[in-house]
1. Return the residues of the range 33-50 that are touching a residue at least 60 places away in the same chain (Cβ under 8 Å) and closer than 24 Å to residue 75 by Cβ; say none if nothing qualifies.
2. Scan the range 264-277 for residues that are farther than 22 Å from residue 183 by Cα and under 23 Å from the mean Cα position of the chain (by Cα) and jot them down.
3. Name the residue that is nearest to residue 282 (Cα to Cα), counting only residues in the range 186-239 that are assigned to a helix (DSSP H, G or I) and in contact with a helix residue (DSSP H, G or I) (Cβ under 8 Å, 6 or more places away or on another chain).
4. Given the structure, is residue 242 at pLDDT 90 or above and over 26 Å from residue 302 (Cβ atoms)?
5. When the residues of the range 8-23 are filtered to those that are modelled with pLDDT under 85 and closer than 14 Å to residue 78 by Cβ, which remaining residue is nearest to the chain's Cα centre (by Cα)?
6. Counting only residues that are touching a helix residue (DSSP H, G or I) at 6+ places or on another chain (Cβ under 9 Å) and at pLDDT below 85, which one in the range 47-80 is surrounded by the most Cβ atoms within 10 Å (Cβ to Cβ)?
7. For the range 155-185, how many residues are in a loop (DSSP other than H, G, I, E, B) and under 17 Å from residue 269 (Cα atoms)?
8. Identify, from the list 242, 152, 193, the residue that is over 21 Å from residue 288 (Cβ atoms) and without any contact (Cβ under 8 Å) to a residue 60 or more places away in the chain.
């Protein structure tokens, strides 16, 4: 359970039937709100592993698709609610390494598998959208490699969200929760175009400092929407090239904003800023936000298509 993570747990699977759930009367249990009391049943006959949904609220997902019953193969990952499991070998539901340590080949296989599916940030911590503590000075020099790994894992998880069956509100919220795990921001927001008013409407807003009068800079948003291109601003409080009232942004220092555009025009934006640090965002930060905006565009379009399909079925 939670393979490759500090919270990883190993559950030996002997022949017979066991259940997965959030109460201790299950052989495989995890106290997490996304799990039902008895979420799933796992059957192992010594050769094959089969999993069955026990009418759970949040379902079982295998390879991004919700299933009621499915046979699992070695190396398969499945998700119960927000908790990810890996079938390892023929008798284990874990990737945990024994005390003897893995062979080089096993280590490489485990590394290859670890990037196939990343769990939701909320699966590990319900407060995952809180900004991580800032690193102290001496650690900054060795931050680069881990920073790029974190961003790669973020994009893998974000791409999986776009093809999941989660609600669009949950997908957008998780995209922003992922972003704050690697970006040092004071505020971050995702807004989408209201079909009626044709104005940008906040969908997700997260603030990590004392509440400001305004949750984001409308001057920055206006510039990005008008130009349809991503932008980073060194110090918004001093930038007189932006339209609007400079006084509204007196406390905003570094900021960046990117459009959400599925190809037919801007339908939203992702905005992030710092209220204390000017010129704080690097080109790769802006590139990451652009990638998330592109994935958000895909997710929004997919949600709209699913909604249209359901409406077509109803009309028939």
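The values are calculated or read from the model by the stated rules, or taken from the named source; none is laboratory data. Small disclaimer: the values here were computed from a predicted structure and weren't measured. All Cβ positions, even for glycine, are placed from backbone atoms using ideal geometry, and neighbour counts span all protein chains on display.
1. Within the range 33-50, just 34 meets the criteria.
2. 266, 267
3. Across the range 186-239, the extreme among qualifying residues is 236.
4. Judged against the criteria, residue 242 is a match.
5. Checking each candidate, the answer is 11.
6. In this case the residue turns out to be 77.
7. 3
8. Only one candidate passes the filter, namely 242.
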